[in-house]
Amino acid sequence: MIKQPPSETEKYIAKNEAVIKQEFPKDNFISDTAEFQTKNKYTKGLYLPENVKVAEARIPINQIQREVLRKELRQSEILSKLGNSIVLIPERSGYKHRPKDALVNGKLYEFRTVEGNPETFQWEFRAAKWKGADTNVYINVLSKEVSKEEVRRRIWLVLRRHPEYTGEIIISFDNGAKTYFWDSSLFR
């Protein structure tokens with residue numbers, strides 16, 4: 001019997017597992033919705049999309065954390081439907097260490113959701129990049145006021161002022177109906 005080469009998704013899962021093993025060896029991760037929903041009252045009604053894992057340290061303990069996690073799970077679902085592997089990692093911070101939200105195919109990402117106007121988008125993008133000059137950013141735009149052209153312009157405005165900013169940028173509109181994958185070098 002001939003062994004089939006791994007699919008792209010399998011490669012992405014393996015990349016995430018390698019990072020987890022190296023960076024988060026003592027943390028437990030959950031990929032089963034039934035197990036996740038039994039953790040506490042704030043996890044009930046949330047579900048884990050295919051190819052998505054959540055660190056146990058990310059289990060919400062209040063309504064605010066639940067809402068943040070719900071948005072991040074929605075973003076994870078959008079990416080997983082496109083064949084990506086996502087791990088919502090523990091949010092540990094320390095001196096000069098600003099935590100990211102997730103691993104996407106083995107790379108750290110900061111997740112944001114924008115519901116306001118173009119200025120809000122620009123502020124959220126700048127705040128996400130503040131986590132580190134090389135931070136990869138994924139923004140889910142839920143506002144009808146923000147167009148693809150305006151997003152590109154606002155990203156350019158931030159990157160123009162900060163030539164040290166690098167990394168990948170993912171932008172989704174209409175809850176993933178349109179998703180764009182860009183590199184910051186395209187805006188230079």
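Each residue in the stretch 146-163 was checked for being surrounded by 12 or more Cβ atoms within 10 Å (Cβ to Cβ) and either not assigned by TED's automatic domain parsing to the domain that holds residue 118 or not aliphatic (A, V, I, L, M) (or both), and 8 pass.
Go through 167, 132 for me and flag whichever is in contact with a Ser or Thr (Cβ under 8 Å, 6 or more places away or on another chain) and in the same structural domain as residue 183 (by TED's automatic domain parsing).
On the way: 132 fails: in contact with a Ser or Thr (Cβ under 8 Å, 6 or more places away or on another chain).
None of the others qualify; the one that does is 167.
Restricted to the stretch 1-32, and to residues that are polar (S, T, N, Q) and buried (at least 16 other Cβ atoms within 10 Å of the Cβ), which residue is nearest to residue 88 (Cα to Cα)? Only one residue tops the list, namely 16. Residues that are at pLDDT below 95 and touching a Pro at 6+ places or on another chain (Cβ under 7 Å) were ranked within the stretch 67-99; the one that is surrounded by the fewest Cβ atoms within 10 Å (Cβ to Cβ) is 93.
Condition check ((1) part of a helix (DSSP H, G or I); (2) at pLDDT below 95; (3) of a type in the set (Lys, Arg)) across all residues:
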| residue | (1), (2), (3) |
| --- | --- |
| 119 | yes, no, no |
| 134 | no, yes, no |
| 137 | no, no, no |
| 143 | no, yes, no |
| 149 | yes, no, no |
| 152 | yes, no, yes |
| 155 | yes, no, no |
| 186 | yes, yes, no |
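If the condition is being modelled with pLDDT of 95 or more and touching an Asp or Glu at 6+ places or on another chain (Cβ under 8 Å), then the stretch 171-183 contributes 181, 182, 183. Here residue 58 meets each of (1) basic (Lys, Arg); (2) touching a Leu at 6+ places or on another chain (Cβ under 6 Å); (3) under 14 Å from residue 140 (Cβ atoms) with one exception, condition (3). Six or more apart or on different chains, Cβ under 6 Å: which pairs go from a residue in the stretch 20-44 that's assigned by TED's automatic domain parsing to the domain that holds residue 60 to one that's among the hydroxyl-bearing types (Ser, Thr, Tyr) and in a loop (DSSP other than H, G, I, E, B)? Could you list them? So the pair list comes out as 33/47; 36/43; 37/43.
For the stretch 164-179, which residues satisfy the criterion of being within 19 Å of residue 114 (Cα to Cα) and either buried (at least 17 other Cβ atoms within 10 Å of the Cβ) or within 14 Å of the chain's Cα centre (by Cα) (or both)? Explain how you work it out, then say what you get.
Of the residues in the stretch 164-179, the ones within 19 Å of residue 114 (Cα to Cα) are 168-179.
Those that are within 19 Å of residue 114 (Cα to Cα) and either buried (at least 17 other Cβ atoms within 10 Å of the Cβ) or within 14 Å of the chain's Cα centre (by Cα) (or both): 168, 169, 170, 171, 172, 173, 175, 176, 179.
The set of residues in the stretch 56-66 that are buried (at least 18 other Cβ atoms within 10 Å of the Cβ) and part of a helix (DSSP H, G or I) comprises 58, 66. Does residue 48 qualify as being over 20 Å from residue 135 (Cα atoms) and outside any helix (DSSP H, G or I)? Yes. Confirm whether residue 53 is crowded, with 18+ Cβ neighbours inside 10 Å and not small (Gly, Ala, Ser). Taking the combined requirement at face value, the residue satisfies it.
What residue, of 71, 21, 53, 26, is of a type in the set (D, E, K, R) and assigned to a strand (DSSP E or B)?
On the way: 71 fails: assigned to a strand (DSSP E or B); 21 fails: assigned to a strand (DSSP E or B); 26 fails: assigned to a strand (DSSP E or B).
Being of a type in the set (D, E, K, R) and assigned to a strand (DSSP E or B) holds for just one of 71, 21, 53, 26, which is 53.
The values are calculated or read from the model by the stated rules, or taken from the named source; none is laboratory data. Computed from a predicted structure; not experimentally measured. Glycine also receives a Cβ, built like all others from the backbone with ideal geometry; neighbour counts cover every protein chain displayed.
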